[in-house]
Every structure is written in structure tokens, then in C-alpha cells.
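The values are calculated or read from the model by the stated rules, or taken from the named source; none is laboratory data. Note that this is a predicted model, so its numbers are computed, not measured. Every residue, glycine among them, receives a Cβ derived from its backbone with ideal geometry; neighbour counts consider all protein chains shown. Areas reflect the complete protein model, heavy atoms only, side chains present, ligands, DNA and RNA absent. Shrake-Rupley method; radii C 1.70, N 1.55, O 1.52, S 1.80 Å.
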Amino acid sequence: MKLRIGAIADPGTSIVNRTGGWRSEKPLIDHSLCIRCFNCILYCPDSAVKYSEKEGIYFDYDFCKGCGICANECSGRAIYMVMEEK
Ligand code: SF4
Ligand code: SF4
């Protein structure tokens, strides 16, 4: 008999599995401090930092896990972390 405890019946990637629910803190940005170095995009392990000409840097909170790497790597100190509201 096979042991089934902890088995993942339907494996998937982070594209399928929205990981934003794991977050206890979330990043916010002060656009006036952003120097558009794009370190935040390069370093985010979940590709959750986005950029558009219209909005500038913004976050995809469906996939941001709140690790804070973007805030640590931000050259302009434009990104800061706040507690997630439940
Ligand atoms: S907190 Fe972590 S997961 Fe969320 S946007 Fe920043 S680097 Fe990406
Ligand atoms: S790392 Fe900071 S300064 Fe650089 S693009 Fe991102 S928000 Fe702007």
C-alpha cells in the first residue's frame, strides 16, 4: 500500500497557484522617490513587480509573498513594507 500523506494530486506552477495569500506584509511605493533603476523587478523572486509608462512601478498582489526583497534592493528607498490588513 502506498503512503499518500502530503501527496500533491495536482501539481502546478506559481502562475497557477496564487501565492499572495501567504503574505503578512506588503510592499508600497512612494513614486516621488523612484529613480527607475528597476532593481525591484530584477530581484523579485515572484515576478510580482510590474512597470507601465502610465502607472510606473506597481505590484501584483495576487503573487507577491511579501518577502521584502524589493524594498531591500530599492536604490531610491521608494519601496516600504507595511503590515497586511486581514
Ligand atoms: S515583497 Fe517580495 S514578492 Fe512581493 S513584490 Fe517585493 S520582492 Fe516581490
Ligand atoms: S528599485 Fe526602487 S527606485 Fe528602482 S525602479 Fe524599483 S521602486 Fe524605483
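Odds and ends about this structure:
- Aspartates and glutamates whose Cα lies under 18 Å from that of Lys65, excluding same-chain neighbours fewer than 8 positions away: Glu25, Asp46, Glu73, Glu84, Glu85
- In Hz, Karplus ³J(HN,Hα) per residue of the range 20-34 (6.51, -1.76, 1.60; θ = phi - 60°; x = Gly, Pro): x, x, 7, 6, 10, 10, 9, x, 10, 10, 9, 4, 5, 9, 6
- Looking at the range 15-65, the trypsin sites (Lys or Arg not before Pro) that sit in a DSSP loop and have at most 13 other Cβ atoms within 10 Å of their own Cβ are Arg18, Arg36, Lys54.
- Enclosing the Cα atoms of the range 20-83 in their convex hull gives a volume equal to 72 cubic angstrom per residue.
- For the range 20-83, with all protein chains in place and a probe radius of 1.4 Å, 51% of the accessible heavy-atom surface sits on carbon or sulfur.
- In this structure the range 22-86 gives 66 Å² per residue of accessible area when probed at 1.4 Å with all protein chains present.
- In order along the range 61-78, the phi-based Karplus estimate (6.51 cos²θ - 1.76 cosθ + 1.60, θ = phi - 60°) of 3J(HN,Hα) comes to 6, 5, 10, 5, 9, x, 6, x, 4, 4, 5, 5, 8, 6, 5, x, 6, 8 Hz; Gly and Pro are listed as x.
- What you get for the range 20-83, charging only the Cβ of Lys and Arg (+1) and of Asp and Glu (-1), is a dipole of about 80 debye around the Cα centre.
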